[in-house]
Amino acid sequence: MTRDDHLKPLSVYRLLPSLGDFRTLLMGPSLRKIIRWQISGSPADLPTALTAEWDGNPQLRATEFPSGYPEAPVLSRRIADAMREELLAAGRLIPVHIEGADAGAYLCYAVEAVVDCVDVARSSRPKRTTGEIKKTVFRADALPADLPAFRVPQFPGGVYWNGWAVDRLWDFLGADLEARLVWSEDAARTPHPNPWGLA
């Protein structure tokens, strides 16, 4: 199956770890560094490494998609290596140093592709403080469907994932991954009512 087989109908998601019996990450000051870079757009603000710590019962396993922050998706080295070519088309992979994890075991996906593809008239007004868009409608002709993920000028802190990339991640992660539909060309599909919320 080629990538073109994934492109119709177009669909866009927000990704996060599912609710499960595994540990996730807290990013603290590193998250602020990512957000600063996303807002400024300056390459000089892009961190070269990040730190994080595990959250949850130490007896539980760590998931391979452990970050619920929409600004900072984190992937295991195994997944990042398997999808490296696709991922690098839209951004960079930044090492995440985690106490108790092997060096280089996790990487933050810093999505650099910012694409003006929101149908502003049909979308919710962005929140003043964060830019978060509760209901996002995309212009299909402007959507960067060949990229695994992208950001938009109106909401620089939100990483949107294209459907074909979500399919690839599901192959690796299965039930560990929650994919909330943000938008689809298929009018029969209902977007998540609060894709960027905690629940």
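No value in this document is a laboratory result; all are computed from the given coordinates. These numbers come from a predicted model, not from an experiment. For neighbour counting, all protein chains shown are included, and Cβ atoms are generated from backbone atoms with ideal geometry for every residue, glycine included.
Annotations
- Between 0 and 90°, nearest 10: helix 163-173 axis offset from the chain longest Cα axis: 30
- The chain: relative contact order in percent, alpha carbon pairs under 8 Å with at least 6 residues between: 28
- GNM top mover of Ala52, Ala121, Ala142 - the chain, alpha-carbon springs below 10 Å: Ala121
- Value of Rg/Rh across segment 81-127 [Cα atoms, Kirkwood radius]: 1.19
- Cα point-scatterer Debye curve for the chain, base-10 log of I(q)/I(0) at q = 0.10, 0.12, 0.13 Å⁻¹: -0.39, -0.57, -0.67
- Taking the Cα centre of the chain as origin and assigning +1 to Lys and Arg Cβ atoms and -1 to Asp and Glu Cβ atoms, the resulting dipole is close to 720 debye.
- Convex hull volume per residue in cubic angstrom - Cα atoms of segment 63-155: 107
- When shorter helices are ignored and each DSSP H run of at least 4 residues is given -39500 (n - 2.57), the per-residue value for the chain at 222 nm works out to -4500 deg cm²/dmol.
- Using a Gaussian network model of the chain in which every pair of alpha carbons under 10 angstrom is joined by a spring, one finds that among Ala90, Ala149, Ala188 the greatest mean-square fluctuation is at Ala188.
- Taking each residue as 0.36 nm, the span from His97 to Arg32 lengthens on full extension beyond its C-alpha to C-alpha distance by 21.8 nm.
- Straight-line reach from Lys127: taking Cα to Cα under 20 Å and skipping same-chain neighbours fewer than 8 places apart, the aspartates and glutamates in range are Glu71, Asp116, Asp119.
- Dipole axis of segment 3-181 (+1 Lys, Arg; -1 Asp, Glu on Cβ), positive-most option in Trp54, Gly68, Phe22: Gly68
- Nearest-ten-degree value, helix 29-40 long axis tilted from longest Cα axis of the chain: 30
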